[in-house]
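The values are calculated or read from the model by the stated rules, or taken from the named source; none is laboratory data. The structure displayed is predicted, hence computed values, not measured ones. Every residue, glycine as well, gets a Cβ built from its backbone with ideal geometry; the counts of neighbours run over all protein chains shown. Ligands, DNA and RNA are stripped out before the accessible areas are found, and what is left, the full protein with its side chains, is counted by its heavy atoms. Shrake-Rupley method; radii C 1.70, N 1.55, O 1.52, S 1.80 Å.
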Amino acid sequence: MSGGHVLRPADLDDATRVALVARARALKAADPVPVPSRLRVGALYFDPSLRTRASFEQAARVLGGSCQTLNAGNDTWTLELDPDAVMDGAAVENVVEAARVLGRLFHVLGVRAFRGARPWAVDRTEPVISAIAAHAGVPVISLEGASHHPCQGLADLVTLHEQFGDDLSGLPVALCWAFHPRALPPAVPHTFLEQAALAGCDVTVAHPPGFDLDPEVVAQARAAAEARGGGVRVSHDRAEALAGRRVVYVKSWGPLDDRSPTDPALRPWLVDEAALAPAPEARVMHCLPVRRNVVLSGALLDGPRSLVTEQAGNRLWAQAALLELVAQRTGVLS
Ligand code: CP
């Protein structure tokens, strides 16, 4: 995406991703005393968060700057999300004016806006974050949108490199659907698929029939992976898809245009030790939050195969590296 915005992993080119991972790992190793800087970061949340909010604020502190978090509609006016709306309803301010003002106050903006009640054809364009990016006049970093979660993806990439070294080309990884009672958005599965493909991993995707990810995201990931020594293959047979994988990234998502509760008959898609029998060497990843013993077994989460806490901890360093890069590109940091 132009304008220096980061809304999905593919907004960063290969060389930049490599540099960001190295910088994140260096910051993590050094945990440097922050040098005061003029960097002012804003973070606007339309949806709840634990990890993203805490790690994004702390990432700005690592760089000697500040981060102010605003929860839209709670400690802001009620915001209208449609730039073209006739605003004769409850909303007091449009995201367009809000973005213009926040862009005058902050050097970089983070925005979290999940899926709305919109059709997938609309949500796949990230309508809220894109509107803010179009009007803020400063770089916008997605803190999870409808279709992608690039900060999670970058932290996951750091985690993969920590575990498997500098070259991830051909690494056998799986993205594994898991049961969840609600139809969750596809931002994290899209992001892991895209991020792993851009790293050249050999990705299998396991999900029940009817839970297809966005075909364009899958096609782009396949092309990216194949160009880098990997591949992407989709299967409805979980055991077959997980066989021999070194990483199993567990995540639930709903059909893209059906928000109905998930069929309870799919509860056996819980991921536990038995489910991982075909992948005896696999480490387990999940973005969190996670429903214990519904999505992932408590035994797996607590056991030595789990990387979930490492992933969450790496959010801090990945975002510090990303904020630093974005601030350097705009001349706010040298
Ligand atoms: N993984 C993640 O983004 O967590 P939060 O929703 O708590 O921010």
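So that you can scan it fast, the table gives a plain yes or no per residue for (1) touching a His at 6+ places or on another chain (Cβ under 8 Å); (2) among the aliphatic types (A, V, I, L, M):
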site: Asp31; (1), (2): no, no
site: Thr52; (1), (2): no, no
site: Ser55; (1), (2): no, no
site: Arg61; (1), (2): no, no
site: Val86; (1), (2): no, yes
site: Ala90; (1), (2): no, yes
site: Val96; (1), (2): yes, yes
Can you find a residue in region 248-268 that is closer than 17 Å to Val234 by Cα, basic (Lys, Arg) and within 16 Å of the ligand (Cβ to nearest atom)?
yes
Only listed residue being over 19 Å from the mean Cα position of the chain (by Cα), farther than 24 Å from Arg115 by Cα and outside the structural domain of Phe114 (by TED's automatic domain parsing), chosen from Ala174, Ala199, Ala227:
Ala227
Just to be sure before I move on: is Ala43 in contact with a Gly (Cβ under 7 Å, 6 or more places away or on another chain) and either among the basic types (Lys, Arg) or not in a helix (DSSP H, G or I) (or both) in the structure I sent?
yes
State the number of residues belonging to region 54-72 that are touching a Gly at 6+ places or on another chain (Cβ under 8 Å) and assigned to a helix (DSSP H, G or I).
1
So, Asp75, is that one in a loop (DSSP other than H, G, I, E, B), away from the ligand (no atom under 14 Å from the Cβ) and surrounded by 15 or more Cβ atoms within 10 Å (Cβ to Cβ) or not?
no
Could you tell me whether Ala91 is outside any strand (DSSP E or B) and within 16 Å of the ligand (Cβ to nearest atom)?
no
What residue, of Thr159, Thr204, is in the same structural domain as Glu281 (by TED's automatic domain parsing), assigned to a helix (DSSP H, G or I) and either farther than 28 Å from Asp258 by Cα or of a type in the set (Ser, Thr, Tyr) (or both)?
Thr159
Hey, among Val250, Val218, Val232, which residue is under 22 Å from Leu300 (Cβ atoms) and either touching a strand residue (DSSP E or B) at 6+ places or on another chain (Cβ under 8 Å) or exposed (fewer than 15 other Cβ atoms within 10 Å of the Cβ) (or both)?
Val250
Determine if region 311-327 includes at least one residue that is open to solvent by less than 40 Å² (accessible area, probe 1.4 Å) and part of a loop (DSSP other than H, G, I, E, B).
no
Away from the ligand (no atom under 16 Å from the Cβ), closer than 30 Å to Ala223 by Cα and either modelled with pLDDT under 95 or outside any strand (DSSP E or B) (or both): does that describe Ala10?
yes
